[in-house]
Amino acid sequence: QVQLVESGGGSVQPGGSLRLSCAASGFPFRMYTMNWYRQAPGKEREYAARITTSGGTNYADSVKGRFTISRDNAKNTVYLQLNSLRPEDTAVYYCNVYRSGDNYWGQGTQVTVST
């Protein structure tokens, strides 16, 4: 079965950086576009970034220029590098794959940005 396990979250000061990882299993990882979403307290889950099978990337305007998504097909892992973090980036970050008509999600990893 599909499993997505996020890690790498934590607490940082504004301007800091974190690198999130999502280890995937149960499906042919290299054949699927992978996504990162986030959900801030009291808000709906929102799209953050996407990486296609060929390495093409796309970002939400709110993170463009600060976040970088990448993937390592040999390790079945997708990453999200978070730079220049702001308090409004505080959220639970989720890895996502859409496969065979279903959306799959990990358990999420908490990112907190505060002084």
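Here, each number is a calculation from the coordinates, and none is a lab measurement. Please read these numbers as outputs of a predicted model, since none were measured by experiment. When we count neighbours, we look across all protein chains shown, and the Cβ atoms used for this are built from the backbone with ideal geometry, even at glycine.
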* Asked: How many residues does segment 72-115 contain that are under 22 Å from residue 57 (Cβ atoms), among the polar types (S, T, N, Q) and out of contact with any helix residue (DSSP H, G or I) (no Cβ under 6 Å at 6 or more places or on another chain)?
  -> 7
* Within segment 8-56, which residues are of a type in the set (Ser, Thr, Tyr), in contact (Cβ under 8 Å) with a residue 24 or more places away in the chain and surrounded by 13 or more Cβ atoms within 10 Å (Cβ to Cβ)? -> 21, 32, 33, 37
* To do: Could you name every one of the strands (runs of 3 or more DSSP E) located completely within segment 16-66 that has at least 2 residues being of a type in the set (S, T, N, Q) and over 16 Å from residue 100 (Cα atoms)?
  => 57-59
* Asked: Residues in segment 74-93: is at least one assigned to a strand (DSSP E or B) and without any contact (Cβ under 8 Å) to a residue 40 or more places away in the chain?
  -> no
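When you look at residue 113, is it β-branched (Val, Ile, Thr), in contact (Cβ under 8 Å) with a residue 12 or more places away in the chain and out of contact with any Ser or Thr (no Cβ under 6 Å at 6 or more places or on another chain), yes or no? Let's see the steps before the verdict.
Numbers: β-branched (Val, Ile, Thr): yes; in contact (Cβ under 8 Å) with a residue 12 or more places away in the chain: yes; out of contact with any Ser or Thr (no Cβ under 6 Å at 6 or more places or on another chain): no.
No; evaluated as a whole, the condition is false for this residue.
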